[in-house]
Protein chains: 2
Amino acid sequence: MPTRFIHNVFFWLKNPANAGEAKALEAGIRTLFDVSTVQDAHLGKPAPTDRSVIDNTYSYHLMLAFNNLDDQTAYQGDPIHLKFVDDYAHLWERVQVYDSDAGLVSDN
Amino acid sequence: MPTRFIHNVFFWLKNPANAGEAKALEAGIRTLFDVSTVQDAHLGKPAPTDRSVIDNTYSYHLMLAFNNLDDQTAYQGDPIHLKFVDDYAHLWERVQVYDSDAGLVSDN
């Protein structure tokens with residue numbers, strides 16, 4: 001398995017019932033797929049799974065895969081990402097991020 | 001973008017300083033990669049990123065990608081998965097799951 005850095009972001013919309021704001025955030029998130037260091041991208045909504053260990057309260061989940069930490073650091077400073085935050089941060093109430101690096105696990 | 005179901009699991013070890021238990025859980029998690037409906041898999045540890053929105057307190061992150069909800073449901077009942085829970089659940093203090101389906105987002 002190749003080394004891989006996965007950046008998971010969960011967004012909670014300020015107004016989840018506002019379809020226009022939801023669509024706007026979807027479109028904004030998709031602009032991030034074009035950042036040059038992004039290797040794989042996924043935009044999802046909570047599945048209808050429901051067990052005690054599952055958090056399904058978020059509005060959107062963005063998964064971005066990078067080759068390594070440096071590529072993710074470059075993404076943070078990329079003009080596309082900075083513009084996304086400037087343009088859309090007012091729509092969310094909360095974001096929760098998990099950065100997970102396969103290169104830190106032995107025997108990969 | 002193809003429809004994709006991403007099953008994210010974050011594990012907090014009961015004894016994170018116990019290297020033997022950590023290695024055992026790593027090995028156990030890797031057995032899950034062999035479940036037939038798994039399309040992509042990633043095992044990572046918290047990256048050295050540190051912003052207020054980042055949770056880096058977990059021990060391991062498992063990402064499993066499936067083609068759809070049905071394939072993930074099959075995984076839950078797969079003997080490999082059931083054996084993993086039986087054999088390793090005593091090692092973790094907490095798991096947090098996020099199931100995210102790209103098929104639920106319009107215009108995918």
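Things to note:
- Of all residues making up segment B:67-101, the number that are within 14 Å of chain A (Cβ to nearest Cβ) and among the aliphatic types (A, V, I, L, M): 6
- Verdict on B:D86 being among the charged types (D, E, K, R) and in contact with a His (Cβ under 9 Å, 6 or more places away or on another chain): no
- Hits in segment A:1-40 - residues which are under 17 Å from the mean Cα position of the chain (by Cα), among the aliphatic types (A, V, I, L, M) and under 23 Å from B:F11 (Cα atoms): A:I6, A:V9
- For segment B:25-35, the condition of being facing chain A (nearest Cβ under 10 Å), part of a strand (DSSP E or B), farther than 18 Å from A:V53 by Cβ and at pLDDT 95 or above holds for none of the residues.
- Any pair with Cβ under 8 angstrom, 6 or more apart, that starts in segment A:65-94 at a residue that is of a type in the set (D, E) and ends at one that is part of a helix (DSSP H, G or I): A:D87/A:G28
- Candidates A:Y98, A:Y75, A:Y88, filtered to the one that is of a type in the set (F, W, Y) and in a strand (DSSP E or B): A:Y98
- Among the residues of segment A:1-24, those that are more than 15 Å from A:A89 (Cβ to Cβ), within 9 Å of chain B (Cβ to nearest Cβ) and either without any contact (Cβ under 8 Å) to a residue 12 or more places away in the chain or surrounded by 15 or more Cβ atoms within 10 Å (Cβ to Cβ) (or both) comprise A:R4, A:F5, A:I6, A:H7, A:N8, A:K23.
The values are calculated or read from the model by the stated rules, or taken from the named source; none is laboratory data. Computed from a prediction, not measured in an experiment: that's the story for all the values here. All Cβ positions, even for glycine, are placed from backbone atoms using ideal geometry, and neighbour counts span all protein chains on display.
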